[in-house]
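A quick write-up on the structure given underneath.
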Amino acid sequence: MAFAMRFKLNDEIIKKSTFKSYYINGRKNGFEFDIQLAYYRGHYLSCIEVFEVWLDGEQIPETDMTFELKGKEMPVYRIKWATTEFWSQVEPAKIRVIKEGGIAPGEHELELKLMLRIPYMQIGPGHTYMPLDAGEKVKVTLPEEEAREIPASYAPEVKGAKLGATLFCYTTEYAQYKYDFEDCVREAYLAGAKGYEIVGSQMIPEYPNVSDEFLGLVASLKAKYGIGPVGYGANQDKGMRPDRNLTDDEMVADAIIDLKTANKLGCHTMRVQYMMPATAFEKLEPYAKLFDVKCGIEIHNPETPKTAAIQEYVKVIDRLGSKYLGFVTDFGFLAIHPNKPQWLKAIKAGVKEEHLEIAAQMRAAGKSQEETMEKLGELGAHPAIMTAVAGMYGFVQFTNPDELPRLLDELRYILPYTFEIHCKFHYLGEDGLEPSIPYEKILPIVKEEGFDGWLICEYEDELFCGGYDFTRKMLSLERKVLE
């Protein structure tokens, strides 16, 4: 760049006194420092054109850095899209860098390359604005520092299968303001859960970050009810941008923020959705190790442990041999009958049960969705049947009951790779059993195979009747088989 404005109003852009080690689990694994915007006014973060950090002549990879402003920590790649985040001239931003093993005490050369465009000073056609150089190169000194205590986990030190619940079970009550966060934790405790999973995007107010205030609430509820978070449900929002999907590196950068949140909550397991490809999952491994959080790709219907997509992750796990990469196995893949709530909703909407039975028979026989819909059209089925049929072939699909032995073998195969199990259920009949997922045959295998991890009760409240009663009954069913 041939020319850029320079407008340094204070002695320091990089605040030397804030330069210190960054600790992960009580160990030095990087460094952090504060910076101030070098201009007479503030700017939206989206005005940042170049953001680089160099230490002793070596550029820090973008994935290993985060930018925090007003308590919001974000990956660097997101800065250019942060059109609503305003950086005041007097508001310091904190930069954190992950570097395994940290850096040695003593003097270092730290350089910030920070170029902005001044959005109200157009100097050419189109999107051409005056550039602003707000960078700096300085000598900084890292003092000798003592090791810190490694934070304790909420997970009890118990071998074997442990019964928990996801607070997602109470989605209906939570969304309707019948329960607040404490109510959800209390109900999980009263249902018999020994720990709980929290879906960050649902119940953490500052998601994807977590505040000290919320951590304090979690700790106080742990003291009150004796249970805390043991699993963190992260989302991989691959399609968040309007113009393209996130790249592998961008997804990893987002997942690092999730790892930080899981670590702060005391969770040692994090659900990773299979929207993250195996190539990105492999890159996540060293960060999972640093934060001591096991990352499990969720095996979710319509995938099964032996489908091609899941096998790509197995190859990565086998090649790395890391205890930090594995699976969160969702029992929805073991469904052998149609989803009961969708069946009931279709009947309530006017669909004849005989038409639903025909659709289920054709699905079980391996007929395509197009063939099934064509047949139902010939029979004059109510249009509302389309939703039920889409479910039979989609995220609540089921397999012919004759295939159950094969699916149970796939369960045995994947259990050694599994950190956490989602005991997915949609409905419980008067007999206390799930009509579509044969838990009476699944849970004995979990016990026989000696699964050592959390079984997280996960109720999908498709009838919007609340999770209070069903969650208690499901945990009771699990206890009868496993304890």
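The values are calculated or read from the model by the stated rules, or taken from the named source; none is laboratory data. Everything numeric in this text was worked out from a predicted model, so none of it was measured. So basically every Cβ, Gly included, is an ideal-geometry build from the backbone, and we count neighbours across all protein chains shown.
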Among (1) part of a loop (DSSP other than H, G, I, E, B); (2) in contact with a Cys (Cβ under 9 Å, 6 or more places away or on another chain), the one test that Met275 misses
(2)
Suppose we filter the range 178-200 for residues that are closer than 10 Å to Leu167 by Cβ and either aromatic (Phe, Trp, Tyr) or under 19 Å from the mean Cα position of the chain (by Cα) (or both); how many remain?
6
Flagged in the range 351-387 as part of a helix (DSSP H, G or I) and free of Cβ contacts under 8 Å to residues at least 12 places away in the same chain, in numbering order, are Glu353, Glu354, Glu357, Gln361, Glu370, Glu371, Glu374, Gly377, Glu378
Could you please let me know if Leu433 is closer than 30 Å to Pro229 by Cα, within 28 Å of the chain's Cα centre (by Cα) and surrounded by 14 or more Cβ atoms within 10 Å (Cβ to Cβ)?
no
Check the range 414-435 and report whether any residue there is part of a strand (DSSP E or B) and closer than 15 Å to Gln342 by Cβ.
yes
Only one of these conditions is not met by Tyr287: (1) modelled with pLDDT under 95; (2) of a type in the set (Ser, Thr, Tyr); (3) assigned to a helix (DSSP H, G or I). Which number is it?
(1)
May I ask you to verify whether Ala234 is surrounded by 14 or more Cβ atoms within 10 Å (Cβ to Cβ), among the small types (Gly, Ala, Ser) and touching a helix residue (DSSP H, G or I) at 6+ places or on another chain (Cβ under 6 Å)?
yes
Residue check: is Asp249 in the same structural domain as Pro286 (by TED's automatic domain parsing), under 14 Å from the mean Cα position of the chain (by Cα), part of a helix (DSSP H, G or I) and of a type in the set (Asp, Glu)?
no
I'm trying to understand the selection: among the residues of the range 216-231, which are part of a helix (DSSP H, G or I) and either in contact with a helix residue (DSSP H, G or I) (Cβ under 6 Å, 6 or more places away or on another chain) or crowded, with 19+ Cβ neighbours inside 10 Å (or both)?
Val218, Leu221, Tyr225
Looking only at the range 398-416, decide whether some residue is within 23 Å of Val351 (Cβ to Cβ), surrounded by fewer than 19 Cβ atoms within 10 Å (Cβ to Cβ) and in contact (Cβ under 8 Å) with a residue 12 or more places away in the chain.
yes
Would you mind finding the one in Arg472, Arg412 that is basic (Lys, Arg) and either within 18 Å of Ile310 (Cβ to Cβ) or in contact with a strand residue (DSSP E or B) (Cβ under 9 Å, 6 or more places away or on another chain) (or both)?
Arg412
Could you go through the range 437-452 and let me know if any residue there is part of a loop (DSSP other than H, G, I, E, B), in the same structural domain as Gly228 (by TED's automatic domain parsing) and out of contact with any helix residue (DSSP H, G or I) (no Cβ under 8 Å at 6 or more places or on another chain).
yes
All conditions in (1) buried (at least 23 other Cβ atoms within 10 Å of the Cβ); (2) touching a residue at least 40 places away in the same chain (Cβ under 8 Å); (3) more than 17 Å from Phe419 (Cα to Cα) are true of Met251 except (2)
Of the numbered conditions (1) in a loop (DSSP other than H, G, I, E, B); (2) closer than 22 Å to Glu68 by Cα; (3) modelled with pLDDT of 95 or more, Arg241 satisfies every one except a single condition; which is it?
(3)
Among the numbered criteria (1) part of a helix (DSSP H, G or I); (2) surrounded by fewer than 23 Cβ atoms within 10 Å (Cβ to Cβ), which one does Thr261 miss?
(2)
Count of residues meeting criterion [among the charged types (D, E, K, R) and either touching a Leu at 6+ places or on another chain (Cβ under 7 Å) or closer than 13 Å to Gly429 by Cβ (or both)] in the range 331-350:
1
Considering the range 408-430 alone, what residues qualify as being under 25 Å from the mean Cα position of the chain (by Cα) and within 22 Å of Ala360 (Cα to Cα)?
Lys424, Phe425, His426
For residues that are basic (Lys, Arg), within 38 Å of the chain's Cα centre (by Cα) and within 26 Å of Leu404 (Cβ to Cβ), tally how many sit in the range 346-389.
2
For the list (1) at pLDDT below 95; (2) not in a loop (DSSP other than H, G, I, E, B), I need the number of the one condition that Tyr154 fails.
(2)
Given the conditions (1) in a loop (DSSP other than H, G, I, E, B); (2) under 19 Å from Asp64 (Cα atoms), which single one is not true for Cys267?
(2)
Would it be correct to say that Asn10 is among the polar types (S, T, N, Q) and free of Cβ contacts under 8 Å to residues at least 60 places away in the same chain?
yes
From the list Tyr44, Tyr39, Tyr77, Tyr22, exactly one residue is touching a residue at least 24 places away in the same chain (Cβ under 8 Å) and under 13 Å from Val97 (Cα atoms). Which is it?
Tyr22
Only residues that are within 21 Å of Pro305 (Cα to Cα) and not in a strand (DSSP E or B): list them for the range 453-466, please.
Gly453
